[in-house]
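The block underneath contains the structure these notes are about, expressed in structure tokens.
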Amino acid sequence: MLLPVTLFAKEVVEFDWLSDWFKGGPMGPWLIDNGDVAIFGEHNWNPVVSYNYNRWESGTTAHLPELEDYEIWDVSNDGSVFVISREDHLFVKVNDDWQVIEDTSGQWGGLTWLGVHLSGNGEVAVGTDGDKTWIWTEGELRLLDGRAGPPVGISDDGTVVAGVEDPWLPGSNAYRWVNGVYEQIHEPAGGWPGGSRWVTAMSGDGSTLFSHTWIWKYGEIQGFDFGMIDVGLGPRTNEDGTLLVGRYYHHDSDKLDIVILKEEDNWAPTLLSDIPLRQGGQFDQAIQELDAIEVTSLSRDGSVLTGYGWRNDNSWRFYRMELLTVFGRHLVHEGYVDTKQWLGWLQVEYDPWVWCLATQCWFYISEDVAIAEGGWMYAPNMASLEVYPASGYGWSYKLSKWLYVDPSGSGWVYVL
């Protein structure tokens, strides 16, 4: 996956609300198809519990009347599967087919739940009744594991579940349940970073666990302290766990913001309010008077985030922000970037290793060289540059420019 060199916001939009209802609490948005579609709504308690949902796609909002009597818990990545509830019943809605999730074993004596998560492929669901953690797959409900506490997430393929054994019991461990095997995430020798053992998010592939004070990956825990707070919905992450977004508290202004952490540069933080917009201005100026910001969903490719905030007119507003990646001075589009006269078109999916279409070879290009559009680069296949003379200063017939080739034959070349 392309790791963002620099984050750059293409646009921030607000979803149109198709009702004058808007009196209860916000629900969603849930992102579908890597952020191209969003489902969002509201729940109301007065005079009776009821719901109102909309679907946003390409700037157009449509009402979803068939779901107005149900509470949405989660949605599959392609939007074809919903986990929803009504009164004391939990359902899986697959397109127009409704399947009830029910306890036929008698273990629960009537299934209740505090939270339900659906795998990205829509085939597996996990939840808790406050005492036991259950898993639903292939139409059957069963106990996940006697030690498993409330789950915080399930992988896209449904093979990995993560949570904490007992969030309120000292000495409890975080856990992963992988292909039926229970794995404890034990407290590090120096103690849990920040004093918290809570797991609040898991990457889509199940490889990375997040708290608001630490990250677990490849069996190791790394702590961080960026002022992220674990309130409300907690952080959200992308498919491979290289991008994390969560709530952040401005101590100087008593305002909530969103912090974005990138794996490169050792989990470098960026505040959402500091990200520049393509059309000028910044996030705070694009959505006026928006406070108490929540982020509810991050697309699996990390390119779109959504959430909601509170306005001074006592109403909720939903927002959608599209994040673009930048290679050097140029925006990346579907993994490619046009560097014009410098190196032409580059495929930058595996940056800092990039594929040059003009020379049909790989270059290793550091971030500072990419920004300056000039400097030392490594070319394992120097012959593909067709430089004459082949050492020192020479003319590249592939790039149509002068280069300086390291005479030692190391493969390093200086390109302006």
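For region 383-398, does any single residue satisfy the condition of being of a type in the set (A, V, I, L, M) and either under 36 Å from the mean Cα position of the chain (by Cα) or within 16 Å of Thr339 (Cα to Cα) (or both)?
no
Restricting to region 375-404, name every residue that is loosely packed, with under 14 Cβ neighbours inside 10 Å and at positive phi.
Correct list: Gly392, Ser400.
Any chance region 104-115 includes a residue that's part of a strand (DSSP E or B), in contact with a Leu (Cβ under 8 Å, 6 or more places away or on another chain), in contact (Cβ under 8 Å) with a residue 12 or more places away in the chain and not charged (D, E, K, R)?
no
Which pairs turn up if I take residues in region 59-83 that are modelled with pLDDT of 90 or more and look for partners that are loosely packed, with under 13 Cβ neighbours inside 10 Å and not basic (Lys, Arg) with beta carbon separation below 6 Å, at least 6 apart in sequence or on another chain?
The qualifying pairs are Ser80/Asn95.
Can you tell me which residue in region 296-339 is farthest from the chain's Cα centre (by Cα), limited to those that are modelled with pLDDT of 85 or more and not in a strand (DSSP E or B)?
Thr339
Applying the selection to region 180-220, what residues are among the hydrophobic types (A, V, I, L, M, F, W, C), farther than 29 Å from Trp136 by Cβ and in a loop (DSSP other than H, G, I, E, B)?
The answer is Ala189, Trp192.
Can you pull out the residues in region 133-173 that are charged (D, E, K, R) and either more than 18 Å from Ala201 (Cα to Cα) or at pLDDT below 90 (or both)?
Hits for region 133-173 are Glu138, Glu140, Arg142, Asp145, Arg147, Glu165, Asp166.
Does Trp177 qualify as being aromatic (Phe, Trp, Tyr), farther than 23 Å from Ser299 by Cβ and in a loop (DSSP other than H, G, I, E, B)? Talk me through it step by step, then tell me what you get.
Details: aromatic (Phe, Trp, Tyr): yes; farther than 23 Å from Ser299 by Cβ: yes; in a loop (DSSP other than H, G, I, E, B): no.
Here the answer is no, as Trp177 does not meet what is asked.
Can you pull out the residues in region 50-75 that are closer than 18 Å to Ser299 by Cβ and loosely packed, with under 12 Cβ neighbours inside 10 Å?
Scanning region 50-75 gives Ser58, Gly59.
Consider only pairs whose beta carbons are under 7 Å apart and that are at least six residues apart or on different chains; among these, list those whose first residue lies in region 381-409 and is farther than 17 Å from Thr359 by Cβ and whose second residue is part of a loop (DSSP other than H, G, I, E, B) and of a type in the set (Gly, Ala, Ser).
Cβ pairs passing all conditions: Pro407/Ser391.
On the given criteria, is Lys93 of a type in the set (D, E, K, R), surrounded by fewer than 20 Cβ atoms within 10 Å (Cβ to Cβ), at pLDDT 85 or above and not in a loop (DSSP other than H, G, I, E, B)?
Details: of a type in the set (D, E, K, R): yes; surrounded by fewer than 20 Cβ atoms within 10 Å (Cβ to Cβ): yes; at pLDDT 85 or above: yes; not in a loop (DSSP other than H, G, I, E, B): yes.
The answer is yes for Lys93.
With respect to the numbered conditions (1) modelled with pLDDT of 85 or more; (2) in a loop (DSSP other than H, G, I, E, B); (3) under 26 Å from the mean Cα position of the chain (by Cα), which one is the sole condition not fulfilled by Glu349?
(1)
Scan the strands (runs of 3 or more DSSP E) fully inside region 1-47 and keep the ones with 2 or more residues being modelled with pLDDT of 85 or more.
In region 1-47, the matching strands (runs of 3 or more DSSP E) lie at 25-32, 37-44.
I'd like to verify a number: residues in region 35-71 that are aromatic (Phe, Trp, Tyr) and either under 20 Å from the mean Cα position of the chain (by Cα) or within 28 Å of Glu322 (Cα to Cα) (or both), how many?
So the count comes out to 4.
The values are calculated or read from the model by the stated rules, or taken from the named source; none is laboratory data. A quick note: this is a predicted structure, and the numbers were derived from the prediction, not measured. Positions of Cβ are backbone-derived with ideal geometry, glycine not excepted, and every protein chain shown enters the neighbour counts.
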